[in-house]
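Beneath this line is the structure, given in structure tokens, with notes to follow.
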Amino acid sequence: MDAFTVGVIFGALFSGILCGIVPYNLGKKYDDEQVGMAGLIVTIICGAMGGFILAIPVSAVFSAIIWSRKK
């Protein structure tokens, strides 16, 4: 693998992690840690596949789910 490919892979993973932190923290804050962890994992996977373009909407959907389920 060349340096460009490695950079693209790590950049996509980083974007997924960066966006996935939002639902994870919301899940911890509102005592819904299972959905928060699921949001983190799914956002990392989607970030690896599509970068920020796919990670941001997935993060928003999981954040909305957590917000709608808060007590």
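The values are calculated or read from the model by the stated rules, or taken from the named source; none is laboratory data. Everything quoted here is computed from the prediction, not taken from an experiment. Glycine also receives a Cβ, built like all others from the backbone with ideal geometry; neighbour counts cover every protein chain displayed. Areas reflect the complete protein model, heavy atoms only, side chains present, ligands, DNA and RNA absent. Shrake-Rupley method; radii C 1.70, N 1.55, O 1.52, S 1.80 Å.
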Quick one: accessible surface of PHE14, probe radius 1.4 Å, all protein chains present, in square angstrom to the nearest 10.
120
Full extension between VAL8 and LYS70 adds, at 0.36 nm per residue less the Cα distance, a length in nm of 18.7 nm
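Beyond 13 Å, how much of the Cα-Cα pair distribution for the chain remains, as a whole percent? Don't jump to the answer; show the numbers that get you there.
Numbers: 1415 of 2485 pairs.
Cα-Cα pairs of the chain separated by over 13 Å account for 57 percent.
In what sequence, highest mean first, do 28-36, 16-24, 59-67 appear when ranked by Cβ atoms within 10 angstrom?
On the way: 28-36: 15.0, 16-24: 21.8, 59-67: 18.3.
Those peptides, ordered most packed to least, come out 16-24, 59-67, 28-36.
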